[in-house]
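The values are calculated or read from the model by the stated rules, or taken from the named source; none is laboratory data. Worth saying up front: this structure is predicted, and the values here are computed from it rather than measured. Cβ coordinates were reconstructed from backbone atoms using ideal geometry, including for glycine residues, and neighbour counts include every protein chain displayed. Ligands, DNA and RNA are stripped out before the accessible areas are found, and what is left, the full protein with its side chains, is counted by its heavy atoms. Shrake-Rupley method; radii C 1.70, N 1.55, O 1.52, S 1.80 Å.
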Amino acid sequence: MSDHADNADIKIFRTIADGLAAARRAPELQPDCRCHFCDEMVVVNLLFCDVNCRDDFERQNAALRRAGR
Ligand SMILES: [Zn+2]
């Protein structure tokens with residue numbers, strides 16, 4: 001039955017669309033002259049003072065996302 005396949009396609013498409021919408025709702029990080037992880041002053045247009053802070057921030061964010069927040 002092709003109807004079943006069509007319904008599955010629609011369901012998958014909706015799931016992807018919901019995921020994209022959620023990703024777009026997530027606030028973008030804006031450079032504000034401070035490291036987003038440790039709050040050190042940084043050069044304008046940089047989000048983090050070094051790669052360690054960036055990595056720690058992303059690891060922390062991923063952990064929060066896994067925890068469902
Ligand atoms: Zn930092």
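For this structure, a couple of remarks:
- Of residues in the range 34-58 being exposed (fewer than 11 other Cβ atoms within 10 Å of the Cβ) and either without any contact (Cβ under 8 Å) to a residue 12 or more places away in the chain or within 8 Å of the ligand (Cβ to nearest atom) (or both), the one nearest to the chain's Cα centre (by Cα): VAL51
- Within the range 3-22, being open to solvent by 50 Å² or more (accessible area, probe 1.4 Å) and not hydrophobic (A, V, I, L, M, F, W, C) holds for ASP3, HIS4, ASP6, ASN7, ASP9, LYS11, ARG14, THR15, ASP18.
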